[in-house]
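Here's the structure we're looking at; comments come further down.
The values are calculated or read from the model by the stated rules, or taken from the named source; none is laboratory data. Just so it is clear, the model here is predicted, and its values are computed rather than measured. Neighbour counts run over all protein chains shown; Cβ positions are idealised from the backbone, glycine included.
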Amino acid sequence: MSQVTTQPSTDQIWEWLDAVPDPEIPVISVVDLGIVRGVEWQGETLVVSVTPTYSGCPATSIISLDIETALRSKGIEYLKIETQISPAWTTDWLSEKGRAKLEEYGIAPPQPAGGPEKCPRCGSKNLTKVSQFGSTPCKAHWRCQDCLEPFDYFKCI
Amino acid sequence: MTRDDAFAQFLLRMGDNTLILGHRVSEWCGHAPVLEEDIALANTALDLIGQTQMWLGLAGEVQGEGKSADDLAFLRDAWDFRNVLLCEVPNGDFGRTLMRQFLFDAWHSIQLGRLMKSSDERVAAIAEKASKEVAYHLERSADTVVGLGDGTEESHRRMQEALDYLWPYVGEMFQSDEADAEMVKAGIAPDPASLREEYDALISRILSDATLTIPDSSFAHKGGRTGAMHTEHLGHLLTQMQWLQRAYPGAKW
């Protein structure tokens with residue numbers, strides 16, 4: 001008797017991964033963040049390549065665990081999660097959807113100019129940098145001079 | 001000295017620098033003068049510890065004795081560490097910590113820039129990753145050195161004292177030995193001495209903006225990167241950093 005196995009397509013896997021939230025910024029998914037670099041079937045084994053945002057980011061191991069949990073719940077039995085450090089992660093890999101969600105959530109998305117474009121709350125461009133570092137390694141701390149609200153800026157790297 | 005011995009030595013030097021400095025900087029956690037600085041220092045420490053995992057992980061691989069990055073960090077004693085002495089000197093005040101960070105970041109950024117062209121692709125990949133973080137560290141430490149140096153009378157005095165105290169620890173970063181020569185031959189890493197000119201140009205520009213005077217002395221404390229003689233401070237640091245593994249060998253989180 002021949003055994004019929006149906007492997008989910010890689011498109012399907014990407015879709016599932018797009019439902020896995022980033023543990024520190026749960027409004028965007030790990031796919032939005034651009035850290036899933038590859039999804040590939042190698043025979044019976046699904047290989048997912050993940051790149052860390054910052055080398056010391058404490059969320060890295062949680063992210064791998066969340067990805068594993070999500071895919072296991074979809075019935076993926078043989079799974080390998082590989083860490084890929086090159087090419088190094090860049091904020092250019094954030095999806096458009098991810099950028100929009102960040103802004104909606106109150107985090108200014110990264111800009112090549114090196115600072116936020118506008119206050120994510122009131123849209124003012126009258127901004128000041130409070131600190132180059134913020135609540136997580138990937139963010140800096142800014143403040144709007146008009147609505148006076150402090151906010152996170154997703155650093156451009 | 002074989003190629004692999006030299007390579008492992010080089011990797012320990014990179015990883016021990018980031019480990020020991022990362023630990024030192026983490027000592028500020030909860031103690032910095034303002035919350036933003038506390039967060040900034042903790043984030044810098046975190047980046048350095050993250051880089052340590054990559055360097056020491058590769059060092060263990062090259063040594064081929066089955067040691068992990070954690071084994072190397074927690075199960076060696078002072079004489080086996082290969083960090084430059086600059087990384088282990090105590091924090092002092094906030095100004096001295098930031099001056100030490102600046103003097104190291106400037107070297108680190110130039111070194112990683114060169115290592116991105118390493119003939120060993122694993123080294124190039126780690127350098128590519130780390131250099132993005134270090135560019136940020138340098139931007140911040142340089143800004144702070146200028147802000148405090150060209151600040152009040154009090155902050156200026158403290159920054160000049162910090163520079164005078166730390167200057168004798170700068171020279172060690174540019175010393176070369178047999179292991180370095182082997183790395184140059186293999187195209188894995190640059191000759192440390194070859195970084196000096198770029199380094200001097202960079203720090204002269206920043207320190208001049210900070211209205212600080214570079215001491216007129218080329219005396220250099222050494223012994224850290226060769227392991228010949230660390231300062232007394234390293235042992236104290238390790239008793240704290242390695243305490244858990246010493247008290248409970250093999251304990252897992």
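Brief remarks on what is shown
- Here A:116, A:120 are screened, and the one residue that is outside the structural domain of residue A:55 (by TED's automatic domain parsing), in contact with a Leu (Cβ under 7 Å, 6 or more places away or on another chain) and surrounded by 15 or more Cβ atoms within 10 Å (Cβ to Cβ) is A:116.
- Positions within the stretch A:78-101 being over 20 Å from residue A:37 (Cβ atoms) and surrounded by 16 or more Cβ atoms within 10 Å (Cβ to Cβ), in sequence order: A:101
- Residues considered: B:96, B:24, B:76. Of these, the only one that is of a type in the set (D, E, K, R) and part of a loop (DSSP other than H, G, I, E, B) is B:76.
- Out of A:43, A:34, sole residue that is at positive phi and free of Cβ contacts under 8 Å to residues at least 40 places away in the same chain: A:43
- Meets criteria (within 24 Å of residue A:49 (Cα to Cα), of a type outside the set (A, V, I, L, M) and away from chain B (no Cβ under 14 Å)) for residue A:77: yes
- Whenever a residue of the stretch A:109-130 is without any contact (Cβ under 8 Å) to a residue 12 or more places away in the chain and more than 14 Å from chain B (Cβ to nearest Cβ), its partners that are loosely packed, with under 13 Cβ neighbours inside 10 Å and in a loop (DSSP other than H, G, I, E, B), lying with C-beta atoms within less than 7 angstrom and at least six residues away or across chains, give the pairs A:118/A:125.
- The residues listed here are B:34, B:25; of these, the one that is in contact (Cβ under 8 Å) with a residue 60 or more places away in the chain and within 29 Å of residue A:141 (Cα to Cα) is B:25.
- Annotation note: of A:89, A:41, A:16, the sole residue that is aromatic (Phe, Trp, Tyr) and under 30 Å from residue B:19 (Cβ atoms) is A:89.
- Listing of helices (runs of 4 or more DSSP H) fully contained in the stretch A:1-110 that carry 2 or more residues being closer than 28 Å to residue B:134 by Cβ: A:60-73, A:96-105
- Residue that is surrounded by the most Cβ atoms within 10 Å (Cβ to Cβ) [pool: residues in the stretch B:175-196 that are more than 19 Å from the chain's Cα centre (by Cα) and of a type outside the set (A, V, I, L, M, F, W, C)]: B:182
- The stretch B:201-227, residues that are exposed (fewer than 14 other Cβ atoms within 10 Å of the Cβ), touching a residue at least 12 places away in the same chain (Cβ under 8 Å) and within 17 Å of residue B:159 (Cβ to Cβ): B:211, B:213
- Condition check for residue B:226: part of a loop (DSSP other than H, G, I, E, B) and either at pLDDT 95 or above or more than 23 Å from residue B:110 (Cα to Cα) (or both): yes
- Across the stretch A:90-103, not a single residue is classified as among the aliphatic types (A, V, I, L, M) and within 14 Å of another protein chain (Cβ to nearest Cβ).
- Each residue in the stretch B:24-48 was checked for being under 14 Å from the mean Cα position of the chain (by Cα), within 14 Å of another protein chain (Cβ to nearest Cβ) and surrounded by 21 or more Cβ atoms within 10 Å (Cβ to Cβ), and 6 of them qualify.
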